[in-house]
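The values are calculated or read from the model by the stated rules, or taken from the named source; none is laboratory data. All values derive from a computational prediction rather than experimental measurement. When we count neighbours, we look across all protein chains shown, and the Cβ atoms used for this are built from the backbone with ideal geometry, even at glycine. For accessibility, only protein heavy atoms count, side chains too; no ligands or nucleic acids. Shrake-Rupley method; radii C 1.70, N 1.55, O 1.52, S 1.80 Å.
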Amino acid sequence: MRATLPPGPRTPTLVQTIGWWSRPTAYVERLRDRYGKRFTMRLLGQPPFVVLSDPADLREVFTAPPEVLHPGEGARLLEPIVGAHSVILLDEGPHLEQRRLMLPAFHGERMQRLTGLMAELTERELDAWPVGQPVQLHGRLQALTLEIILRAVFGLDEGARLDRLRDRLTAILSFGESPVSLLPQAQRLLSGRGRFGRFERDRAAVDRELYALMDERRRDPGDRDDVLAMLLAATREDGSPMRDEEIRDELLTALVAGHETTASSLAFAFEQLARAPHVQERLAADEDGRYLEATIDEVLRLRPVLPNAEPRLVKEDVTIGGHTYPAGTILILAAALVHTDPDIYPAPHAFRPERFLDAKPGTYTWIPFGGGRRRCLGASFALLEMRLVLAAAAERFTVHAVGPPERTRRRMITITPGDGARVRLARRERAATTSADVEAALVTP
Ligand code: HEM
């Protein structure tokens, strides 16, 4: 069959690149309105990007054989931080092997054991939130999600090592936020110098700490529920364990993939709640956790912090929805477009948790965590964390807007509320439920 890319804008490549980069959701929505649910974009220095948002196309992409589409190759830029063994950078056999090793550690039931730790860290953070004055919650939520990952995933206990790693890892993450930092050319040219040198030293220090930690845990595993404990215990089909470098890379992967994403999703939740007092009231009165669940589903629909799943690089010509995409094309699965498709969601820009009360989100119409064999490994972890934080906050506070609805802003690969989720908190008079009730309702996945 002849390769025919779907139509798309003819504006200069530079204009398309700026639109894509600076207005990640509004720009593609406009293109969708004009060209339909699949269109082709031309970005500077990139192969053609075909943006897909028809659920039937998404299903075909998510279920395509692993040798046909390579999401891992497209994420190479992250390698200086996450390392070459990271599940996110691999494809085909090596990807499957790494993912099999990690799956039990992130399994939903396994996550329940982290509830107590997550709840404790959440309570401690919420105790420090100021009441009665404007506060930007995004920064606070970043600190909280970082702490939760370091304790529940890296398995760090409170103490000097946690403090040292927190500082070094924060520096590494902020280095990765600058667009030039991760360019291979810049890495090569500037290695050892200035902020690049600092980054390399931080990374070496982190690696030393993590290898020492793994060494201690291998000698004395103890009875622990953290993800590190599971990775140390994981075995391949031939019975061999994961190597320390693999575990190091997967811990860093969880940090990069799970820290900012969860913080921004929560920030959007508060930003939306501040403008929806009736939703807050229903949340505070929610006894079985169903409304909370629906609220989270709706936040992730309306504001998918990764507006696209990992780009899929076409390795062999593939036909999807009647179009044949030649090798070298990149397929973009646009969560932000599926989630605002009026054919799927009436009044798509309205924040209405009720839409998910009786209808569970669909596999190909609700894709904040991507899908298929690449679906987010941390989805259960992130959802548990979001439930705990939002339930604890609803019990304590009412949230009030202090400005107009916030525009979305791109921060590298995620989108965040443009004003940092600036709200005012007031103390809630009467506790709707006790923490024990909330926790009991939360342990049902
Ligand atoms: C609300 C928070 C989060 C969102 C919205 C999110 C979203 C995503 C998305 C869209 C993908 C790509 C899926 C695809 O291309 O099909 C992904 C992959 C991944 N995420 Fe998450 N994520 C979140 C939290 C986390 C957390 C907390 C962790 C770990 C603790 C995590 C670990 C991963 C990993 C390891 C992958 C790569 C999976 C693979 O390539 O096989 N994520 N995530």
Subject >> Breaking point among (1) open to solvent by less than 10 Å² (accessible area, probe 1.4 Å); (2) within 14 Å of the ligand (Cβ to nearest atom), for LEU306 >> reply: (1)
Original post:
So is THR253 within 30 Å of VAL402 (Cβ to Cβ) and either of a type in the set (A, V, I, L, M, F, W, C) or assigned to a helix (DSSP H, G or I) (or both) or not?
Top reply: no
Original post:
In this structure, does LEU156 turn out to be over 20 Å from the mean Cα position of the chain (by Cα) and surrounded by 19 or more Cβ atoms within 10 Å (Cβ to Cβ)?
Top reply: yes
Original post:
Given the conditions (1) small (Gly, Ala, Ser); (2) open to solvent by less than 50 Å² (accessible area, probe 1.4 Å); (3) in a helix (DSSP H, G or I), and given that SER174 satisfies all but one, which numbered condition is not satisfied?
Top reply: (2)
**OP:** Search region 65-79 for residues being open to solvent by less than 30 Å² (accessible area, probe 1.4 Å) and under 19 Å from the mean Cα position of the chain (by Cα), and hand back the single one that is nearest to ARG236 (Cα to Cα).
**Re:** GLY72
**OP:** Can you work out which of the residues in region 50-64 that are under 27 Å from SER22 (Cα atoms) and within 15 Å of the ligand (Cβ to nearest atom) is most open to solvent (accessible area, probe 1.4 Å)?
**Re:** PRO55
Subject >> From the options ASP207, ASP223, residue that is out of contact with any strand residue (DSSP E or B) (no Cβ under 8 Å at 6 or more places or on another chain) and part of a helix (DSSP H, G or I) >> reply: ASP207
Subject >> Residues of region 273-286 that turn out to be more than 15 Å from ARG396 (Cβ to Cβ) and in contact with a helix residue (DSSP H, G or I) (Cβ under 7 Å, 6 or more places away or on another chain), as a count >> reply: 2
Original post:
Does any residue in region 305-328 that is under 30 Å from SER264 (Cα atoms) and in contact (Cβ under 8 Å) with a residue 40 or more places away in the chain come within less than 7 Å, Cβ to Cβ, of a residue that is within 16 Å of the ligand (Cβ to nearest atom) and of a type in the set (Ser, Thr, Tyr) six or more places away or on a different chain, and which pairs are these?
Top reply: VAL305/THR261; VAL305/SER264; VAL305/SER265; VAL305/THR414; LEU306/THR261; LEU306/THR414; PRO307/THR25
Subject >> Test result for ARG198, among the charged types (D, E, K, R), at pLDDT 95 or above and either within 19 Å of ALA105 (Cβ to Cβ) or surrounded by fewer than 17 Cβ atoms within 10 Å (Cβ to Cβ) (or both) >> reply: no
Subject >> Checklist (1) open to solvent by 10 Å² or more (accessible area, probe 1.4 Å); (2) touching a residue at least 40 places away in the same chain (Cβ under 8 Å); (3) within 30 Å of GLN136 (Cα to Cα); (4) away from the ligand (no atom under 16 Å from the Cβ) applied to ARG217, failing item >> reply: (3)
Original post:
When PRO94 is evaluated against the numbered criteria (1) within 16 Å of the ligand (Cβ to nearest atom); (2) in contact (Cβ under 8 Å) with a residue 24 or more places away in the chain; (3) surrounded by fewer than 20 Cβ atoms within 10 Å (Cβ to Cβ), which criterion, by number, is the only one it fails?
Top reply: (2)
**OP:** Please specify each residue of region 113-155 satisfying the condition of being away from the ligand (no atom under 14 Å from the Cβ) and part of a loop (DSSP other than H, G, I, E, B).
**Re:** ALA128, TRP129, PRO130, VAL131, GLY132, GLN133
Subject >> Test: ASP297 is surrounded by fewer than 24 Cβ atoms within 10 Å (Cβ to Cβ), away from the ligand (no atom under 16 Å from the Cβ), more than 30 Å from ARG168 (Cα to Cα) and not β-branched (Val, Ile, Thr) >> reply: no
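Residue-wise test of (1) of a type in the set (S, T, N, Q); (2) within 14 Å of the ligand (Cβ to nearest atom); (3) farther than 24 Å from LEU383 by Cα.
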| residue | (1), (2), (3) |
| --- | --- |
| ALA229 | no, no, no |
| ALA233 | no, no, yes |
| ASP238 | no, no, yes |
| GLU246 | no, yes, yes |
| GLU250 | no, yes, no |
| ALA254 | no, yes, no |
| GLY258 | no, yes, no |
| THR261 | yes, yes, no |
| SER264 | yes, yes, no |
Original post:
Under 6 Å by Cβ, and 6 or more places apart or on different chains, what pairs join a residue from region 57-79 that is at pLDDT 95 or above with one that is assigned to a helix (DSSP H, G or I) and surrounded by fewer than 17 Cβ atoms within 10 Å (Cβ to Cβ)?
Top reply: PRO66/GLU92; GLU67/GLU92
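Inspect region 277-289 for any residue being within 15 Å of the ligand (Cβ to nearest atom) and either under 11 Å from the mean Cα position of the chain (by Cα) or part of a helix (DSSP H, G or I) (or both) and give the result as yes or no.
No, because not a single residue in region 277-289 is within 15 Å of the ligand (Cβ to nearest atom) and either under 11 Å from the mean Cα position of the chain (by Cα) or part of a helix (DSSP H, G or I) (or both).
Yes/no per residue for (1) more than 20 Å from the chain's Cα centre (by Cα); (2) at pLDDT below 95:
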{"position": "LYS360", "(1), (2)": "yes, yes"}
{"position": "TYR364", "(1), (2)": "no, no"}
{"position": "SER380", "(1), (2)": "no, no"}
{"position": "LEU383", "(1), (2)": "no, no"}
{"position": "ARG396", "(1), (2)": "yes, no"}
{"position": "HIS400", "(1), (2)": "yes, no"}
{"position": "ALA421", "(1), (2)": "no, no"}
Original post:
Can you name the residue in region 309-331 that is within 18 Å of the chain's Cα centre (by Cα) and either in a loop (DSSP other than H, G, I, E, B) or surrounded by fewer than 23 Cβ atoms within 10 Å (Cβ to Cβ) (or both) and, of all such residues, is farthest from the ligand (Cβ to nearest atom)?
Top reply: PRO311
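Okay, residues lined up against (1) near the ligand (Cβ under 10 Å from one of its atoms); (2) open to solvent by less than 20 Å² (accessible area, probe 1.4 Å):
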site: PHE381; (1), (2): yes, yes
site: VAL389; (1), (2): no, yes
site: ALA392; (1), (2): no, yes
site: THR408; (1), (2): no, no
site: THR416; (1), (2): no, yes
